[in-house]
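This report concerns only the one structure given below.
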Amino acid sequence: MGGQKIGGNAQSIVKGGWLHHTSFLWDFEEENMNYLTLPSKRPDYRGDRSHDAFLLKLHPFYNGHHSTFFDRIQDAAGAAFSDLDHVTAEEALHIVDTELGGLQHYFDNKCRTKIIQV
């Protein structure tokens, strides 16, 4: 939005499965951005801008109303994907458990992200 970042995406592609997720920057504490360093590899559109100059909070654009934001996301997704199914979080987790072996199985086997103790 206006040259600023409002979210980030990640994908995991493995045999028999594909996972994509987007994290939107609804709100964050500016002082926490001081812990982040400027990445050594970054796209041209970011340039050398600090996190404060590059990231944009979404909540002021929706007067803090999550529901308005999610309604707009659903409308855009529905326009882009004609076969979109609406499910609850409980229904989605049931599908993950019954058809994909569960989240723990995914983390223990196919997922390349590992949780470590420090």
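Structure summary
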read-out: Exposure ranking of Trp18, Trp26 by accessible area [1.4 Å probe, largest first]; value: Trp18, Trp26
read-out: Accessible area per residue, Å², the chain with all protein chains present, probe 1.4 Å; value: 82
read-out: 5 angstrom amide H check on Lys5, placed H, neighbours 5+ away; value: Leu55, Leu56
read-out: Inter-label distance, nm, simple model (7 Å from Cα along the C-beta direction), Trp26/Phe61; value: 1.6
read-out: Label selected from (i) 14.8; (ii) 10.6; (iii) 13.2, the criterion being mean projected area of the Cα convex hull in nm² as computed here; value: (ii)
read-out: Exposed-site-free run, longest, the chain (rule: trypsin sites (Lys or Arg not before Pro); DSSP loop; at most 10 other C-beta within 10 Å); value: 42-111
read-out: Accessible-area composition of the chain, carbon plus sulfur, in percent [1.4 Å probe]; value: 55
read-out: Between helix 89-99 and the chain: long-axis angle, C-alpha atoms, 0 to 90°, nearest 10; value: 50
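The values are calculated or read from the model by the stated rules, or taken from the named source; none is laboratory data. Quick caveat, the model's predicted, so the values are computed rather than measured. All Cβ positions, even for glycine, are placed from backbone atoms using ideal geometry, and neighbour counts span all protein chains on display. The accessibility values were calculated without ligands, DNA or RNA, using every heavy atom of the protein model including side chains. Shrake-Rupley method; radii C 1.70, N 1.55, O 1.52, S 1.80 Å.
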